[in-house]
Structure formats: structure tokens, C-alpha cells
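Working notes for the structure below.
Readers should treat all values here as calculations from the given coordinates under stated rules, not as data from a laboratory. This structure is a prediction, so every number in the text was calculated from the model and none was measured. Here Cβ is always computed from backbone atoms with ideal geometry, including for glycine, and neighbour counts include all displayed protein chains.
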Amino acid sequence: MKILGISGSPRKEDKSGTHALVTTVLENTGIEYKMVSLRGKTVNGCIACLGCVKDNICKVDDDLAPLRQDILEADAYVFGAPNYYSGMNALTHAFMERFYQFRHQTADLLWGKLAVAVGVGGTAGQAPADDIEKFFMYNFIETVAKVDGQGAASCYSCGHGETCQVGIPVMLHGEGVKFTPEMIPNVKKQVDVMASAAAAGKVLGERLKNNHDRMKVAMGVKEKMMSLFEESA
Ligand SMILES: Cc1cc2nc3c(=O)[nH]c(=O)nc-3n(C[C@H](O)[C@H](O)[C@H](O)COP(=O)(O)O)c2cc1C
């Protein structure tokens, strides 16, 4: 059994809250995992060429191709994204769009897998976690837990953060803010966030060890999706 972890942050791994939370979830599953950072990778969005329709293999030649087998083989996913403009960032979105290749013909290649969705934002990470959950739902993958935390906005290191009128520090702390090391958000110091990441990992590990019935899970997610569609119609 194997889990695939993806951090969609373009920041260096040791500076990324998303990377830290996805890793913490994985470490707590008690199951073998592979952690992949999308940082520095070229992953373009789906171009709707329909080249994958016959064989479920995307024909776009970029850094997603070597990950295809990992995506297929994993029994579960832990995907995380930073919050850019109240949603998941473009790199993570592009990565997820390319899951279109798995939808054709029988379309059940990913059905019934389990997942954890992670989001990190300069103010809040819930929006990207919700986006990732929705994406999983479209693929009939069950999100067993969501984790969100507050990371360090680039405004704390850009050199203008104490005075910038549209920066997160002035928004959060007001005019005249003076940075102190304690003030700079770091998910690793947020006890409740780290605890929720650890708990999410444990839930995922338990569900996987419990011989989950993939078709039953898929049908449960499908039902939830259909009722959401009906509500919004
Ligand atoms: C282009 C851009 C847009 C952003 N928009 C938001 C936003 O709308 N809400 C928010 O809370 N943080 C926003 N942020 C801040 C990031 O979410 C924050 O720095 C977070 O820590 C990034 O996660 P990472 O540490 O894993 O890279 C934005 C950052 C960038 C670069």
C-alpha cells in the first residue's frame, strides 16, 4: 500500500507551510509514502486536446508524465496547495487539471481512493483545501480529512512588508507594524494545526488499513456530488 503526497507550493521546501503540513500528514499514516514537491517542475494545465481519450494517457510532454504511474499506483493522496487569491495556486490547479486523462472510457482508474486535502494561506488556508476536496470529489475520491494553516506571506521577507498598504502584515497588525520573529506565521509553531495534520494522517492510515471497499467509497462520493449539484441547480 502506498500514499502519494504532493506539495503544490513553488517555494523552497524548508520555507513552505504546505510542504510541512503535507509531510506531517504523511508521516502520521504509518504507511509507505512518496512525497513530491511541484517546486521547479513544469506542469502545464490541460489543453483539451483529447489525446488521452482512447488510452487514458496524457500526451502533453512535461514533468507530469513521470508522475503518472505514481498517481495510478497510489491507494491514497495527500495533496496541498497555497492560497493564491482565495483559491489553490495555478501550479496545483494545472497538476490537477491533468487528471482529465484518467476520466475516459471506464473512467474508474482513481475511483474510491482516499485523500487528505491541505491548504496554507497568509491569512487562512481553508479555500485551497476546499478546492482540492472539490477536485477529489469530481474524481470520486473521498476526502477523509482537511487541514489548513497560516503560513508566512512573502510580505514578511520582501523588504517592504512593514509599510506596504496592500500587504498582509499591515492588514493583520495595522499601520506602523514592526516585525518580530514571533509575529511571522509558521505552521510548525501552530500546535492545533500540527495536531490536526497528525490526526488527519492517522485517520487516513486507519481507513487504508481497514481494507476499504473502493467501489462503495466511489458510490458514496458520487451520491454526495449529485446532491450538491441538485442543491445548486
Ligand atoms: C500570488 C499570491 C497570492 C496570494 N493570495 C493570498 C490570498 O488570497 N489569501 C491568503 O491568505 N494568502 C495569500 N497569499 C499568501 C500565501 O498563501 C502564503 O504565503 C502561504 O504561506 C503560501 O504557502 P507556502 O508557504 O506553502 O508557499 C498569496 C501569495 C501569493 C504569492
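Observations
- Computed from phi, the 3J(HN,Hα) profile of region 13-29 under the Karplus parametrisation 6.51, -1.76, 1.60 (θ = phi - 60°) reads 3, 6, 9, 9, x, 4, 4, 5, 6, 4, 4, 5, 4, 4, 4, 9, 7 Hz, with x in place of Gly and Pro.
- Using θ = phi - 60° and Karplus 6.51 cos²θ - 1.76 cosθ + 1.60, couplings along region 203-213 (whole Hz; Gly, Pro as x): 4, 4, x, 5, 4, 5, 6, 8, 6, 5, 8
- Annotation: amide H-H contacts under 5 Å for D148 (H modelled 1.01 Å from N, sequence separation of 5 or more, or interchain): G119.
- Cα-based helix-to-principal-axis angle, 214-232 vs the chain, degrees rounded to 10: 60
- DSSP bridge pairs, the chain: antiparallel proportion in percent, nearest 5: 5
- Angle in degrees between helix 126-138 and the longest Cα principal axis of the chain, rounded to the nearest 10: 10
- Nonlocal amide H pairs with M35, under 5 Å, H built at 1.01 Å: G5
- Local net charge near N44, Cβ-Cβ under 15 Å (Lys/Arg +1, Asp/Glu -1): 0
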